[in-house]
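Comments concern the structure below.
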Amino acid sequence: MNKYRILIVDDEQNVCDFLEEFLQFKGYAPLKAYSGVEALQSLSEKKTDLVLLDILMPGMSGIEVLENVRKLYPDLPVIILTGVKDRRVVDDTFNMGASDFIPKPIDLDVLEQSITVNLHRKE
Amino acid sequence: MPVETAKWFLPKQKLSDKAVDLFDNIRGMFKTLLDMKIEFEYFKDNGSVQEQVAGHKNSVMFVSVYEAIYLNAFYDFMPLFRLKSSAHEGLLTIPKDSPVKHIGDLAGQTIVIPKGIDLACINPIIMYLVKNCKVNSMPKSFLIYSRPEFHIDQLLKSEVAAILLNSFDYGMLTESEQKKLKILGRFPIESDFTAIAGPDFAIGKFRQKFDGWLKIQKQECLKDGFMYAPIERSDDLLLIEAIEGLGYNLKDFIEQYSDLIIKTITNNQAEDFKILHEKYNGLQVFNEKLVNMYKEVRESRDRLYKEIDSTTDNTILFLKDGTILGTSRGFLHWVHLSRPDIIGKNIADLIAPNMNKTFRELIQQIDYGLIKSFGVKLVKENGADNLAKMDFTIIELQDSKIILGIIGKKAGK
């Protein structure tokens, strides 16, 4: 069975590394990108089933990445993972087509459920 | 393959000839065990010790026993070995069938401290006993004959709850006497030093080879009167309990007053008694300040423990290093243990993450702010009933951090 490919986009290496191990443990095939540009590059090169996206990143922000993803890959689920708790940011990301919004610190159960639901929804 | 290099940090002061000999010996030991080269470097005047050491992959230094506990708990430094200045150690001895499990259980009870046992040295264990117990001192005449049977009899007849012995006196007891006793904890009776390495040091490889190396070495004193010794984790437990019991805060002790103790290794103690005396006075002043300062924290923490104890949630409080401080009755019920059984133990001995990460690694991620909950299971039991989700919150009390864990939903319930 092919493993679902999940792209982790976060400028912090610790976050990418931790989520990579968590996703591997849960049976997924994680990919990592440390910037918005790297994320779009990765999406253009590798078939990806879901994106975990941070908002606050230097250079291209998560919001800009989300805009681009929606234009280029309208059906690709994008789960926002961020420490930003501003209600307007949450609303904005949903309005722009984010599939879910999970605040940091992350509840790993909630993250796992959200990934499962969004992958099923995509299918 | 290039030889790996370790950076050994030293306080910036002139090394005595004896200290130079000692470091030569250590250099040889590292070469033999790990084929590792040692480069010595002085601490810089500016910047904290932690910052300077953290900048190097293989950093090693000598610190006091207390600093070693602190650096291990708060900065993930790992103790490598001890340098003992005496072949003997202090033993807090109780009857074999005594219900006492922690030094705190001795509060209010009568104990015996023989005259002449390390009372000139700042020692939290002795300070705790003096402050909280009724202390009988052994008459001088008993010291002259150096046979502590009289007090051993008192101990076995439950007339006293504990006796402080040194390992020499303990060795003088008959085998049958020793069988009737239990050692609650051991502690250094001289100013021992601990070699401690930065978080990235190949600690496992070192310990494996050091233990073997130590076994084939004759325990001869090095030139300046020190001996190598392995790290015994149990040593720290008694010290930590005593420090906590006295109401001290180890973090403040080290961070604010590190100059008082961190630099002693390079002093020739006999030649430099004046400096030691000043340090001793400094520590006395410090103790008074610390006790007052800690009272405020202690009161709020006691209130917190009380709240935790009575809460109906399955709640546990522990330090960043995993040491358990308090639990609710619900949590005790879940782990099938009593409160004295788990207070002071490490949480990783009771529960484990239900994923491919250690408890310690996940606690680091909680402290970092990345995650707030994960699945756990009881370490000693299997089965779905023992799976649960645990939520964590960091509580900051002045300069220290306590972690509050709450067992959320349990699997299948």
Long-range HN-HN contacts of B:PHE43 with modeled amide H, under 5 Å: B:LEU10, B:LYS12
Under 5 Å, built H, 5+ apart or other chain: amide partners of B:ILE38: B:ALA6
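Say a site is exposed when it is one of the trypsin sites (Lys or Arg not before Pro), sits in a DSSP loop, and has at most 14 other Cβ atoms within 10 Å; what is then the longest site-free stretch of chain A?
Details: sites that count: A:LYS3, A:LYS46, A:LYS47, A:LYS85.
Counting only loop sites that pass the neighbour cut-off, the longest clear stretch is A:4-45.
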Note, the range B:94-102: 3J(HN,Hα) by Karplus (6.51, -1.76, 1.60, θ = phi - 60°), whole Hz, Gly/Pro = x, goes 10, x, 4, 9, 5, x, 5, 10, 10
Name the residue, out of A:ASP54, A:ASP109, A:ASP17, whose mean-square fluctuation peaks in a Gaussian network model built on chain A with Cα pairs under 10 Å. A:ASP109
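Are there GluC sites (Glu not before Pro) in the range A:42-119 that DSSP puts in a loop and that have at most 10 other Cβ atoms within 10 Å, and which ones?
Numbers: sites: A:GLU45, A:GLU64, A:GLU67, A:GLU112; in loops: none.
In loop regions of the range A:42-119 (DSSP not H, G, I, E or B), there are no sparsely surrounded GluC sites (Glu not before Pro).
How do B:ASP97, A:ASP100, B:ASP367 line up, fewest other C-beta atoms within 10 Å first? Please list the in-between numbers first.
On the way: B:ASP97 9, A:ASP100 19, B:ASP367 13.
Least crowded to most crowded, the residues run B:ASP97, B:ASP367, A:ASP100.
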Percent antiparallel among DSSP beta bridges with both residues in the range A:5-122, to the nearest 5? 0 percent
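For every helix of n ≥ 4 consecutive DSSP H residues, a contribution of -39,500 (n - 2.57) applies; sum these over chain A, divide by its total residues, and give [θ] at 222 nm rounded to the nearest 500 deg cm²/dmol.
Numbers: 5 runs with 58 residues, N = 123.
About -14500 deg cm²/dmol.
Each value in this text was obtained by applying a stated rule to the coordinates, not by laboratory testing. For clarity, every value in this text was computed on a predicted model and none was experimentally measured. Positions of Cβ are generated from backbone atoms using ideal geometry, with glycine treated the same way; all protein chains shown enter the neighbour counts.
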